[in-house]
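Here's the structure we're looking at; comments come further down.
The values are calculated or read from the model by the stated rules, or taken from the named source; none is laboratory data. In this text the structure is predicted, and so the values were computed from the model without any measurement. Cβ coordinates were reconstructed from backbone atoms using ideal geometry, including for glycine residues, and neighbour counts include every protein chain displayed. Side chains included, ligands, DNA and RNA excluded: accessible areas come from the protein's heavy atoms. Shrake-Rupley method; radii C 1.70, N 1.55, O 1.52, S 1.80 Å.
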Amino acid sequence: MNRGILPKLGLAVYLLCLLLPIYWLINMSLRSNEDIMSGLVIWPRHPSLVKYSFILHDPTWVHGFLVSLTYVAINTVISVTIALPAAYAFSRYRFIGDKHLFFWLLTNLMAPTAVFALPFFNLYYAVGLFDTVWAVALAHCLFNVPLAVWILEGFISGVPREIDETAAIDGYSFPHFFVRIFLPLIANGVGVTAFFCFMFSWVEQLLATTLTATNALPFAAVMSRTYSASGMDWSLLAAAGVLTMIPGALVIWFVRNHIAKGFALGRV
Amino acid sequence: MKKTLNNRAWLLVAPVMIVVLFSALLPVMTVVNYSVQDAMAENHFFWNGDAWFRDLLDPSTEIGARFSGALERNLIFSFVVLLIEVPLGIALSLALPRRGWAVGPSLVLIALPMLIPWNVVGTMWQIFARADIGLFGAALNDLGLNYNDTQDPVSAWFTILLIDVWHWTPLVILLSYAGLRAIPDAFYQAAQIDAASRWSVFLKIELPKLQRVLVLAILLRFMQSFMIYTEPFVVTGGGPGNATTFLSIDLVKIALGQVDLGSAAAMSLVYYLITITLCYIFFTAMTQLDLLKEE
């Protein structure tokens with residue numbers, strides 16, 4: 001396709017605007033609080049990594065970071081694993097209540113978390129999962145599982161049915177067929193879905209902080225502590241914010257090829 | 001492609017049902033429970049029928065006026081968000097490189113805003129938008145605009161809008177880009193042979209192929225912007241006045257600020273139903289379009 005200079009220019013301008021607030025976050029993380037409050041400084045005068053080293057040497061912060069990574073990982077694995085067979089069913093079969101069920105799943109994406117925080121607390125407290133990574137991982141399934149089913153259903157619908165039928169004729173059992181033949185075909189879909197699950201679980205904080213107290217204190221909750229004592233520790237918060245971008249950036253780097261290979265969500 | 005009727009497919013769906021029901025059923029029932037009761041003291045609840053709902057839906061009551069105000073603000077906000085983010089996202093996805101070394105880095109850069117936890121997004125913009133120490137606020141004031149996101153309702157509203165556009169246009173870009181990459185080269189070659197213009201390639205080839213990913217993008221963006229909470233909570237706290245008091249913000253104010261659980265529960269149910277209805281209409285419209293095309 002012959003494309004002019006204009007789209008490239010537009011993209012460059014957009015990327016610049018996108019990076020400015022992020023630059024400001026990095027800028028703040030390298031300055032002291034007094035310096036941040038004293039005025040506008042485009043380029044840090046005395047950049048220092050002291051806040052980063054503070055975070056990386058403080059067991060509470062490190063623990064919080066590991067806790068967050070753990071429940072995000074558990075959630076991603078659960079979501080993708082149980083969504084796969086369900087997405088296959090929605091894509092290949094008609095069954096009683098299928099359309100209603102599909103829409104009901106989607107409605108869970110619309111539950112305002114601010115409203116459900118308190119009932120969630122009661123629920124997980126009652127079943128004894130409160131303050132564990134499992135509570136957060138399961139709670140995040142509420143919106144990640146429906147999303148995973150939806151995305152995977154599209155990918156699966158893009159695979160021709162003939163493949164299923166040929167495999168059945170060749171005498172493959174369903175589980176064998178699904179894992180050995182079908183999964184590799186939708187590897188892109190699994191990658192993309194895992195990215196979305198990771199992302200939405202990583203950035204969600206209201207439920208994560210409501211469902212934990214001390215043992216499984218997520219990164220976000222540790223972060224909110226910087227709000228209280230002696231005003232706001234802006235530069236510490238900024239450093240923590242910069243660190244939270246790293247895992248996500250790594251994940252998208254790994255799935256970039258899946259996204260770049262493209263998906264039209266089936267039935268093309 | 002006809003689907004076969006097979007009710008054993010329920011077995012494949014069962015794990016999803018169990019996990020989602022576990023997290024969805026009890027909280028929803030709790031909210032329903034609160035919405036029809038009133039609390040006298042600590043934990044003495046009594047049946048209150050539909051009173052909370054009647055108050056809520058009657059704009060002449062205090063709570064009714066608040067609700068309709070917040071609802072209106074929220075609907076306008078979501079509409080503007082979709083109006084900006086969807087076309088912008090599609091346009092930018094068309095401009096992204098399709099092959100070569102630049103693909104990976106540009107995807108990572110574009111995804112960055114989505115990967116920042118929501119309260120950090122709020123905090124960074126809180127500083128970024130300040131007129132004295134933030135780059136954005138200072139720049140706008142240097143340009144001669146009277147910008148102050150904590151004092152001036154118009155500035156506050158546009159700040160929240162800008163944050164949302166900054167935060168979530170990447171989602172539309174990524175989905176739309178992935179949709180574009182799924183179009184086989186043969187389609188473009190055919191268009192070249194026909195000497196089709198860039199615009200007609202977009203309208204006749206790209207847009208129809210993007211339909212499904214766009215349904216996903218639009219529904220996700222609608223739901224999230226309709227439930228927007230963290231950004232206005234952190235940046236403007238719903239103010240100044242009630243310029244950025246969206247439904248979620250108001251809801252939390254009533255539920256936790258005033259401990260008015262009945263009103264809050266009724267409000268969240270109505271809110272939930274409105275979201276579901278709007279999404280259902282949209283979803284049905286899009287799937288009907290699909291069916292029409294297949295025929």
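Mind checking the mean number of beta-carbon atoms from other chains within 10 Å of the Cβ atoms in A:153-164?
1
Leaving ligands, DNA and RNA out of it, report the carbon-plus-sulfur percent of the accessible area of the protein assembly as shown at a 1.4 Å probe.
Ligands and nucleic acids excluded, carbon and sulfur give 68 percent.
How big is the dipole moment of the protein assembly as shown about its Cα centre under a simple scheme where the beta carbon of each Lys and Arg is +1, that of each Asp and Glu is -1, and everything else is neutral? Debye, nearest 20, please.
1780 debye
Taking a probe of 1.4 Å and counting only protein heavy atoms, give the total accessible area buried between chains A and B in Å², rounded to the nearest 100.
For chain A against chain B, roughly 9100 Å² becomes buried.
Using a 1.4 angstrom probe, figure out how much accessible area the protein assembly as shown has per residue, in square angstrom, rounded to the nearest whole.
On the way: 24490 Å² over 563 residues.
The answer is 43 Å² per residue.
Shape of the range A:1-119 from its Cα gyration tensor (a ≥ b ≥ c, root eigenvalues): rounded if a/c is under 1.5, otherwise prolate when a/b > b/c, or oblate? Provide the component values of the computation, followed by the final result.
Numbers: a/c = 2.79, a/b = 1.56, b/c = 1.79.
Since a/c reaches 1.5 but b/c is at least a/b, the shape of the range A:1-119 is classed as oblate.
In terms of modelled amide H atoms, which long-range or inter-chain residues lie less than 5 Å from the amide H of B:Gly239?
It is B:Thr244, by chain and number.
Skipping prolines and chain starts, which residues have an amide H placed within reach, meaning under 5 Å, of the one on A:Arg94, given they are 5 or more residues away or on another chain?
Amide H neighbours of A:Arg94, under 5 Å, 5+ apart: B:Thr4, B:Leu5, B:Asn6.
In debye to the nearest 20, how big a dipole does chain B give about its Cα centre with +1 on each Lys and Arg Cβ and -1 on each Asp and Glu Cβ?
Numbers: 17 positive and 22 negative charges, 278 e Å.
So the dipole magnitude of chain B works out to roughly 1340 debye.
Between 0 and 90 degrees, rounded to the nearest ten: what's the tilt of helix B:118-128 against the longest Cα principal axis of chain B?
With rounding to tens, the tilt is 90 degrees.
Treating only the Cβ of Lys, Arg, Asp and Glu as charged (+1, +1, -1, -1), what charge dipole size does chain A show about its Cα centre? Round to the nearest 20 debye.
It works out to roughly 600 debye.
Less than 13 Å Cβ to Cβ from B:Glu72, Lys/Arg counted +1 and Asp/Glu -1: what total charge do the surrounding residues give?
Result for the local shell: +1.
Could you estimate the translational diffusion coefficient of the protein assembly as shown from the Stokes-Einstein equation, with Rh from the Kirkwood formula over C-alpha pairs, at 20 °C and 1.002 mPa s, in whole µm²/s?
D = 85 µm²/s.
Rolling a 1.4 angstrom probe over the protein chains, ignoring ligands and nucleic acids, what is the accessible area of A:Lys261 in square angstrom, nearest 10?
About 130 Å², ignoring ligands and nucleic acids.
Among B:Leu269, B:Leu135, B:Leu82, whose mean-square fluctuation peaks in a Gaussian network model of chain B (Cα, cutoff 10 Å)?
B:Leu135
Among B:Ala217, B:Tyr271, A:Leu207, whose Cα sits farthest toward the positive end of the charge dipole of the protein assembly as shown (+1 at Cβ of Lys/Arg, -1 at Cβ of Asp/Glu, about the Cα centre)?
Value computed over the given set: B:Ala217.
Hand me the tally of lysine pairs in the protein assembly as shown: alpha carbons under 20 angstrom apart, and the pair either on different chains or 8 or more positions apart.
Details: A:Lys99/B:Lys2; A:Lys99/B:Lys3; A:Lys99/B:Lys293; A:Lys261/B:Lys209; B:Lys2/B:Lys293; B:Lys3/B:Lys293; B:Lys204/B:Lys293; B:Lys209/B:Lys293.
Going through the protein assembly as shown pair by pair, I get 8.
Taking the Cα centre of the range B:74-264 as the origin and placing charges on Cβ (Lys, Arg +1; Asp, Glu -1), which of B:Ala182, B:Trp168, B:Pro240 is farthest toward the positive end of the dipole?
Farthest towards the positive pole: B:Ala182.
Which shape class applies to chain B: rounded if a/c is under 1.5, otherwise prolate when a/b exceeds b/c and oblate if not, where a ≥ b ≥ c are the square roots of the Cα gyration tensor eigenvalues?
oblate
Which residue fluctuates most in the GNM of chain B (Cα springs below 10 Å): B:Leu57, B:Leu83, B:Leu174?
Maximum fluctuation in the GNM of chain B, among the listed residues, is at B:Leu83.
Calculated FRET efficiency, A:Ile246 and B:Asp132, Cβ-Cβ r, R0 41 Å, to nearest 0.05?
It comes out at approximately 0.85.
Considering chain B as a Gaussian network with a 10 Å cut-off on Cα pairs, which listed residue, B:Trp118, B:Trp168, B:Trp157, attains the greatest mean-square fluctuation?
Judging by the Gaussian network model, the answer is B:Trp118.
Count charges around A:Lys51 for me, please; just the other residues with Cβ under 10 Å from its Cβ, Lys/Arg as +1, Asp/Glu as -1.
0
According to a simple spin-label model (label point 7 Å from Cα along Cα-to-Cβ), what is the distance in nm between B:Arg198 and A:Glu34?
5.4 nm
B:Tyr280 versus B:Ala190, label points 7 Å from Cα toward the beta carbon: distance in nm?
3.8 nm
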